[in-house]
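Chemist: Before I ask anything, here is the structure I am working with.
The values are calculated or read from the model by the stated rules, or taken from the named source; none is laboratory data. Since the model is a prediction, treat every value here as computed from it, not as a measurement. Methodologically, a virtual Cβ is constructed for each residue, glycine included, from the backbone with ideal geometry; neighbour enumeration extends over all protein chains shown.
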Amino acid sequence: MEEQILRYYLKVFSVFTFIFFVLFFSYFIFIVNKKIDIKKNIIEISKGENTDSIYIKNFNNFNNLDILFINLYYRLNKFLLNKFIHFGHFYIDENISTYDLLKIITKPSNILNKITIVEGWSKIKLQKELSKHFENVYQIPYEDIIADTYFYKKNSDFKSFVNNLIKSKNKYFKKLNQNKIFKLLSQEEIIIFGSLIEKEGLDIVDKRKISSVIFNRLNINMKLQIDATVIFAITKGRYDLKRKLLRSDLKIDDKYNTYKYKGLPPKPISYVGRQTLDIIFENHQTDFLFYFFNKSLNSHIFSKNYQEHRDKLNEYRKSK
(Lines give C-alpha, C1' and ligand atoms only; values in the text may rest on other atoms or scores of the structure.)
Protein backbone atom coordinates (compact mmCIF):
# COMPACT_ATOMS: atom_id res chain seq x y z
CA MET A 1 0.00 0.00 0.00
CA GLU A 2 2.75 2.42 0.98
CA GLU A 3 4.63 1.51 -2.19
CA GLN A 4 1.58 2.34 -4.30
CA ILE A 5 1.19 5.72 -2.55
CA LEU A 6 4.86 6.46 -3.11
CA ARG A 7 4.55 5.62 -6.80
CA TYR A 8 1.48 7.81 -7.04
CA TYR A 9 3.27 10.81 -5.51
CA LEU A 10 6.31 10.23 -7.70
CA LYS A 11 4.07 10.18 -10.74
CA VAL A 12 2.32 13.39 -9.65
CA PHE A 13 5.69 14.99 -8.95
CA SER A 14 6.95 13.93 -12.39
CA VAL A 15 3.89 15.40 -14.09
CA PHE A 16 4.18 18.69 -12.24
CA THR A 17 7.92 18.81 -12.93
CA PHE A 18 7.29 18.20 -16.62
CA ILE A 19 4.60 20.92 -16.71
CA PHE A 20 6.90 23.32 -14.87
CA PHE A 21 9.74 22.84 -17.32
CA VAL A 22 7.41 23.12 -20.31
CA LEU A 23 6.02 26.39 -18.95
CA PHE A 24 9.49 27.61 -17.97
CA PHE A 25 11.02 27.00 -21.40
CA SER A 26 7.92 28.27 -23.22
CA TYR A 27 8.08 31.53 -21.30
CA PHE A 28 11.84 31.65 -21.79
CA ILE A 29 11.45 31.34 -25.56
CA PHE A 30 8.63 33.92 -25.50
CA ILE A 31 10.80 36.47 -23.65
CA VAL A 32 13.80 35.91 -25.92
CA ASN A 33 11.64 36.61 -28.96
CA LYS A 34 9.44 39.29 -27.42
CA LYS A 35 9.40 42.56 -29.39
CA ILE A 36 10.80 45.49 -27.45
CA ASP A 37 8.88 48.75 -27.13
CA ILE A 38 11.75 51.25 -27.10
CA LYS A 39 11.49 54.74 -25.61
CA LYS A 40 14.09 56.16 -28.02
CA ASN A 41 16.00 54.67 -30.94
CA ILE A 42 19.29 55.54 -29.26
CA ILE A 43 20.07 53.89 -25.94
CA GLU A 44 23.05 54.66 -23.73
CA ILE A 45 24.68 51.91 -21.66
CA SER A 46 27.03 53.02 -18.90
CA LYS A 47 30.14 51.07 -17.97
CA GLY A 48 29.20 48.22 -15.62
CA GLU A 49 25.45 48.78 -16.04
CA ASN A 50 23.33 45.65 -15.49
CA THR A 51 20.48 44.34 -17.60
CA ASP A 52 17.83 45.39 -15.07
CA SER A 53 18.85 49.03 -15.41
CA ILE A 54 19.17 48.81 -19.20
CA TYR A 55 15.63 47.48 -19.62
CA ILE A 56 13.93 49.69 -17.02
CA LYS A 57 15.60 52.83 -18.40
CA ASN A 58 15.13 52.24 -22.12
CA PHE A 59 12.14 49.95 -22.70
CA ASN A 60 8.45 50.10 -21.80
CA ASN A 61 6.91 46.64 -22.01
CA PHE A 62 8.81 44.48 -19.52
CA ASN A 63 7.83 43.53 -15.97
CA ASN A 64 10.05 42.17 -13.18
CA LEU A 65 9.45 38.54 -14.18
CA ASP A 66 10.40 39.32 -17.79
CA ILE A 67 13.62 40.98 -16.64
CA LEU A 68 14.42 37.98 -14.41
CA PHE A 69 14.28 35.69 -17.45
CA ILE A 70 16.26 38.18 -19.55
CA ASN A 71 18.95 38.22 -16.88
CA LEU A 72 19.09 34.43 -17.01
CA TYR A 73 19.36 34.54 -20.80
CA TYR A 74 22.21 37.06 -20.68
CA ARG A 75 24.05 35.07 -18.00
CA LEU A 76 23.81 31.91 -20.12
CA ASN A 77 25.23 33.77 -23.10
CA LYS A 78 27.99 35.21 -20.94
CA PHE A 79 28.90 31.80 -19.52
CA LEU A 80 28.53 29.68 -22.67
CA LEU A 81 29.47 32.14 -25.44
CA ASN A 82 31.57 34.67 -23.52
CA LYS A 83 29.30 37.54 -24.64
CA PHE A 84 29.71 40.70 -22.57
CA ILE A 85 27.55 43.83 -22.69
CA HIS A 86 29.49 46.80 -24.08
CA PHE A 87 29.01 50.38 -22.92
CA GLY A 88 28.31 53.39 -25.14
CA HIS A 89 25.50 54.51 -27.46
CA PHE A 90 23.58 52.01 -29.58
CA TYR A 91 21.08 52.52 -32.38
CA ILE A 92 18.09 50.19 -31.92
CA ASP A 93 15.51 49.58 -34.65
CA GLU A 94 11.78 49.48 -33.97
CA ASN A 95 10.25 46.12 -32.93
CA ILE A 96 13.58 44.44 -32.28
CA SER A 97 13.59 41.27 -30.15
CA THR A 98 15.62 40.56 -27.00
CA TYR A 99 17.62 38.05 -29.03
CA ASP A 100 18.52 40.68 -31.66
CA LEU A 101 19.21 43.30 -28.99
CA LEU A 102 21.79 41.03 -27.37
CA LYS A 103 23.62 40.71 -30.68
CA ILE A 104 23.86 44.51 -30.86
CA ILE A 105 24.88 45.42 -27.32
CA THR A 106 27.46 42.62 -27.01
CA LYS A 107 29.41 44.27 -29.83
CA PRO A 108 31.09 47.71 -29.88
CA SER A 109 28.76 50.69 -30.33
CA ASN A 110 27.06 50.76 -33.72
CA ILE A 111 26.75 54.57 -33.56
CA LEU A 112 29.23 56.31 -35.80
CA ASN A 113 27.75 59.74 -36.43
CA LYS A 114 25.36 62.14 -34.75
CA ILE A 115 23.65 65.41 -35.60
CA THR A 116 22.12 67.85 -33.15
CA ILE A 117 19.22 69.88 -34.50
CA VAL A 118 19.00 72.94 -32.29
CA GLU A 119 15.57 74.15 -31.20
CA GLY A 120 14.78 77.53 -32.74
CA TRP A 121 16.86 76.89 -35.87
CA SER A 122 15.60 78.01 -39.26
CA LYS A 123 15.22 75.65 -42.21
CA ILE A 124 18.15 77.34 -43.96
CA LYS A 125 20.42 76.89 -40.94
CA LEU A 126 19.50 73.21 -40.62
CA GLN A 127 19.99 72.62 -44.34
CA LYS A 128 23.47 74.14 -44.10
CA GLU A 129 24.34 71.86 -41.17
CA LEU A 130 22.95 68.74 -42.87
CA SER A 131 24.97 69.50 -46.01
CA LYS A 132 28.11 68.73 -43.98
CA HIS A 133 26.88 65.15 -43.48
CA PHE A 134 24.77 64.20 -46.51
CA GLU A 135 24.45 64.73 -50.23
CA ASN A 136 21.29 65.89 -52.03
CA VAL A 137 20.04 67.74 -48.97
CA TYR A 138 16.72 69.57 -49.12
CA GLN A 139 14.84 71.74 -46.65
CA ILE A 140 12.75 69.88 -44.07
CA PRO A 141 9.44 71.53 -43.09
CA TYR A 142 9.36 72.73 -39.49
CA GLU A 143 6.29 70.64 -38.71
CA ASP A 144 7.85 67.36 -39.90
CA ILE A 145 10.47 66.81 -37.19
CA ILE A 146 11.45 67.49 -33.58
CA ALA A 147 14.72 69.25 -32.76
CA ASP A 148 16.92 66.76 -30.90
CA THR A 149 20.19 64.85 -31.15
CA TYR A 150 19.98 62.07 -33.73
CA PHE A 151 22.36 59.23 -34.49
CA TYR A 152 22.70 57.60 -37.89
CA LYS A 153 24.67 54.79 -39.41
CA LYS A 154 27.60 55.43 -41.69
CA ASN A 155 26.66 55.70 -45.38
CA SER A 156 22.97 56.36 -44.59
CA ASP A 157 21.28 58.34 -47.34
CA PHE A 158 19.57 61.64 -46.57
CA LYS A 159 16.05 60.46 -47.37
CA SER A 160 16.35 57.53 -44.94
CA PHE A 161 17.69 59.89 -42.28
CA VAL A 162 14.73 62.24 -42.70
CA ASN A 163 12.27 59.34 -42.61
CA ASN A 164 13.73 58.26 -39.26
CA LEU A 165 13.30 61.81 -37.94
CA ILE A 166 9.67 61.83 -39.03
CA LYS A 167 9.10 58.42 -37.40
CA SER A 168 10.64 59.72 -34.17
CA LYS A 169 8.28 62.71 -34.17
CA ASN A 170 5.25 60.52 -34.88
CA LYS A 171 6.20 58.15 -32.09
CA TYR A 172 6.53 61.05 -29.63
CA PHE A 173 3.04 62.33 -30.42
CA LYS A 174 1.50 58.85 -30.50
CA LYS A 175 2.53 58.25 -26.88
CA LEU A 176 0.79 61.48 -25.88
CA ASN A 177 -2.37 61.11 -27.97
CA GLN A 178 -4.55 60.89 -24.84
CA ASN A 179 -3.18 64.12 -23.35
CA LYS A 180 -5.86 66.72 -22.62
CA ILE A 181 -3.97 69.32 -24.67
CA PHE A 182 -5.28 67.61 -27.80
CA LYS A 183 -8.74 68.80 -26.79
CA LEU A 184 -7.45 72.36 -27.21
CA LEU A 185 -4.92 72.10 -30.02
CA SER A 186 -4.18 69.85 -32.97
CA GLN A 187 -0.72 68.34 -33.47
CA GLU A 188 0.07 70.98 -36.09
CA GLU A 189 -1.02 73.77 -33.74
CA ILE A 190 1.10 72.33 -30.93
CA ILE A 191 4.19 72.55 -33.12
CA ILE A 192 3.30 76.12 -34.16
CA PHE A 193 2.76 76.96 -30.48
CA GLY A 194 6.13 75.41 -29.62
CA SER A 195 7.96 77.39 -32.29
CA LEU A 196 6.75 80.65 -30.71
CA ILE A 197 8.08 79.53 -27.33
CA GLU A 198 11.42 78.56 -28.88
CA LYS A 199 11.94 82.00 -30.39
CA GLU A 200 10.80 83.89 -27.27
CA GLY A 201 11.89 81.80 -24.27
CA LEU A 202 15.28 81.89 -22.56
CA ASP A 203 15.24 78.76 -20.37
CA ILE A 204 12.82 76.14 -19.04
CA VAL A 205 11.30 78.39 -16.37
CA ASP A 206 10.92 81.26 -18.83
CA LYS A 207 9.40 78.99 -21.48
CA ARG A 208 6.83 77.66 -19.00
CA LYS A 209 5.67 81.19 -18.21
CA ILE A 210 5.55 82.21 -21.88
CA SER A 211 3.58 79.04 -22.66
CA SER A 212 1.04 80.02 -19.99
CA VAL A 213 0.76 83.54 -21.45
CA ILE A 214 0.04 82.14 -24.93
CA PHE A 215 -2.56 79.73 -23.54
CA ASN A 216 -4.19 82.52 -21.51
CA ARG A 217 -4.37 84.85 -24.51
CA LEU A 218 -5.78 82.16 -26.78
CA ASN A 219 -8.43 81.33 -24.17
CA ILE A 220 -9.76 84.91 -24.16
CA ASN A 221 -9.31 85.44 -27.92
CA MET A 222 -6.64 88.08 -27.34
CA LYS A 223 -3.96 88.82 -29.93
CA LEU A 224 -0.72 87.06 -29.06
CA GLN A 225 1.46 90.08 -29.99
CA ILE A 226 4.69 88.09 -30.18
CA ASP A 227 7.67 89.94 -31.64
CA ALA A 228 9.19 86.75 -33.08
CA THR A 229 6.21 86.35 -35.42
CA VAL A 230 6.67 89.91 -36.73
CA ILE A 231 10.34 89.18 -37.41
CA PHE A 232 9.32 86.02 -39.28
CA ALA A 233 6.73 88.01 -41.25
CA ILE A 234 9.58 90.23 -42.44
CA THR A 235 12.33 87.65 -43.00
CA LYS A 236 10.38 84.39 -43.56
CA GLY A 237 13.33 82.77 -41.78
CA ARG A 238 15.72 83.50 -44.66
CA TYR A 239 17.98 85.86 -42.74
CA ASP A 240 18.49 87.48 -39.34
CA LEU A 241 16.83 90.84 -38.78
CA LYS A 242 19.77 92.85 -37.51
CA ARG A 243 17.76 95.71 -36.11
CA LYS A 244 15.08 96.41 -33.54
CA LEU A 245 11.45 96.18 -34.52
CA LEU A 246 9.79 99.47 -35.44
CA ARG A 247 6.20 100.48 -34.69
CA SER A 248 5.53 100.32 -38.41
CA ASP A 249 6.66 96.65 -38.43
CA LEU A 250 3.86 95.78 -36.03
CA LYS A 251 1.31 96.91 -38.66
CA ILE A 252 2.60 94.69 -41.48
CA ASP A 253 -0.27 92.91 -43.20
CA ASP A 254 0.99 89.35 -42.97
CA LYS A 255 -0.70 86.24 -41.53
CA TYR A 256 2.37 85.65 -39.36
CA ASN A 257 2.00 89.05 -37.69
CA THR A 258 0.29 88.25 -34.38
CA TYR A 259 -0.01 91.98 -33.63
CA LYS A 260 -2.46 92.23 -36.54
CA TYR A 261 -4.12 88.78 -36.60
CA LYS A 262 -5.58 86.82 -33.71
CA GLY A 263 -4.68 83.25 -32.96
CA LEU A 264 -1.65 81.21 -33.92
CA PRO A 265 0.29 81.85 -37.16
CA PRO A 266 -0.49 79.52 -40.08
CA LYS A 267 2.76 77.53 -39.79
CA PRO A 268 5.68 77.11 -37.34
CA ILE A 269 8.43 79.74 -37.42
CA SER A 270 11.28 77.44 -36.32
CA TYR A 271 12.11 73.88 -35.34
CA VAL A 272 10.75 72.83 -31.94
CA GLY A 273 12.63 70.81 -29.32
CA ARG A 274 11.30 67.86 -27.36
CA GLN A 275 11.70 69.73 -24.07
CA THR A 276 9.55 72.61 -25.29
CA LEU A 277 6.84 70.21 -26.47
CA ASP A 278 6.93 68.61 -23.02
CA ILE A 279 6.32 72.07 -21.54
CA ILE A 280 3.22 72.53 -23.70
CA PHE A 281 1.80 69.14 -22.68
CA GLU A 282 2.58 69.98 -19.06
CA ASN A 283 0.24 72.99 -19.45
CA HIS A 284 1.83 75.14 -16.74
CA GLN A 285 -0.77 77.54 -15.30
CA THR A 286 -0.27 81.20 -14.37
CA ASP A 287 -2.40 84.37 -14.45
CA PHE A 288 0.09 86.21 -16.67
CA LEU A 289 -1.09 87.96 -19.82
CA PHE A 290 1.86 90.25 -20.58
CA TYR A 291 5.66 90.19 -20.60
CA PHE A 292 8.59 92.19 -21.88
CA PHE A 293 12.34 91.68 -21.99
CA ASN A 294 14.44 93.50 -19.41
CA LYS A 295 17.85 93.77 -21.05
CA SER A 296 19.66 94.84 -17.87
CA LEU A 297 18.37 91.75 -16.02
CA ASN A 298 18.54 89.53 -19.12
CA SER A 299 15.10 88.28 -18.16
CA HIS A 300 11.44 88.55 -19.13
CA ILE A 301 9.19 90.47 -16.75
CA PHE A 302 5.65 89.08 -16.49
CA SER A 303 2.41 90.82 -15.50
CA LYS A 304 -1.20 89.77 -14.88
CA ASN A 305 -2.87 92.82 -16.46
CA TYR A 306 -2.11 95.75 -18.74
CA GLN A 307 -1.85 98.34 -15.94
CA GLU A 308 0.74 96.27 -14.11
CA HIS A 309 2.57 95.65 -17.38
CA ARG A 310 2.63 99.33 -18.28
CA ASP A 311 3.88 100.34 -14.81
CA LYS A 312 6.73 97.81 -14.92
CA LEU A 313 7.62 98.81 -18.48
CA ASN A 314 7.70 102.53 -17.61
CA GLU A 315 9.84 101.82 -14.57
CA TYR A 316 12.27 99.84 -16.73
CA ARG A 317 12.48 102.57 -19.37
CA LYS A 318 13.20 105.23 -16.73
CA SER A 319 16.04 103.13 -15.30
CA LYS A 320 17.81 102.81 -18.65
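Chemist: Name the residue, out of ILE54, ILE36, ILE117, that is within 26 Å of PHE161 (Cα to Cα) and assigned by TED's automatic domain parsing to the domain that holds PHE158.
Modeler: On the way: ILE54 fails: assigned by TED's automatic domain parsing to the domain that holds PHE158; ILE36 fails: assigned by TED's automatic domain parsing to the domain that holds PHE158.
Only one candidate passes the filter, namely ILE117.
Chemist: Only residues in the stretch 73-88 that are in contact (Cβ under 8 Å) with a residue 12 or more places away in the chain count as the first member; pair them with residues that are part of a strand (DSSP E or B) and basic (Lys, Arg), Cβ under 9 angstrom, at least 6 apart or cross-chain, and list the lot.
Modeler: Taking only residues 6 or more apart or on different chains, not a single pair turns up.
Chemist: Which members of the stretch 100-155 meet the condition of being among the acidic types (Asp, Glu), out of contact with any Gly (no Cβ under 6 Å at 6 or more places or on another chain) and assigned to a loop (DSSP other than H, G, I, E, B)? Break it down stepwise before answering.
Modeler: At the first step, the residues of the stretch 100-155 found to be among the acidic types (Asp, Glu) are 100, 119, 129, 135, 143-144, 148.
In the following step, the residues that additionally are out of contact with any Gly (no Cβ under 6 Å at 6 or more places or on another chain) were identified as 100, 129, 135, 143-144, 148.
GLU135, ASP148, listed by residue number.
Chemist: Which of the residues belonging to the stretch 172-199 are without any contact (Cβ under 8 Å) to a residue 24 or more places away in the chain, surrounded by fewer than 13 Cβ atoms within 10 Å (Cβ to Cβ) and not in a loop (DSSP other than H, G, I, E, B)?
Modeler: Within the stretch 172-199, LYS174, LYS175, LYS183 meet the criteria.
Chemist: Which one of these is of a type in the set (A, V, I, L, M), free of Cβ contacts under 8 Å to residues at least 60 places away in the same chain and surrounded by fewer than 14 Cβ atoms within 10 Å (Cβ to Cβ): VAL230, VAL205? It would help to see each step written out before you state the result.
Modeler: Details: VAL230 fails: surrounded by fewer than 14 Cβ atoms within 10 Å (Cβ to Cβ).
Step by step, each of VAL230, VAL205 is checked, and only VAL205 is of a type in the set (A, V, I, L, M), free of Cβ contacts under 8 Å to residues at least 60 places away in the same chain and surrounded by fewer than 14 Cβ atoms within 10 Å (Cβ to Cβ).
Chemist: Among the residues of the stretch 254-262, is any assigned by TED's automatic domain parsing to the domain that holds GLN187 and farther than 30 Å from LYS180 by Cα?
Modeler: Pass one, the stretch 254-262, residues assigned by TED's automatic domain parsing to the domain that holds GLN187: 254-262.
Narrowing the set further to residues that are farther than 30 Å from LYS180 by Cα leaves 254.
Yes, the stretch 254-262 contains a residue that is assigned by TED's automatic domain parsing to the domain that holds GLN187 and farther than 30 Å from LYS180 by Cα.
Chemist: Among the candidates LYS154, LYS169, single out the residue that is among the basic types (Lys, Arg) and buried (at least 16 other Cβ atoms within 10 Å of the Cβ). Before the answer, list the steps.
Modeler: Details: LYS154 fails: buried (at least 16 other Cβ atoms within 10 Å of the Cβ).
Just a single option satisfies the conditions, and that option is LYS169.
Chemist: Name every residue in the stretch 245-260 that is under 17 Å from TYR291 (Cα atoms) and surrounded by fewer than 17 Cβ atoms within 10 Å (Cβ to Cβ), in order of residue number.
Modeler: Step one: filter the stretch 245-260 for residues under 17 Å from TYR291 (Cα atoms), giving 245, 250, 258-259.
Matches in the stretch 245-260: LEU245, LEU250.
Chemist: HIS309 versus (1) touching a residue at least 60 places away in the same chain (Cβ under 8 Å); (2) assigned to a helix (DSSP H, G or I); (3) not β-branched (Val, Ile, Thr): which is the lone unmet condition?
Modeler: (1)
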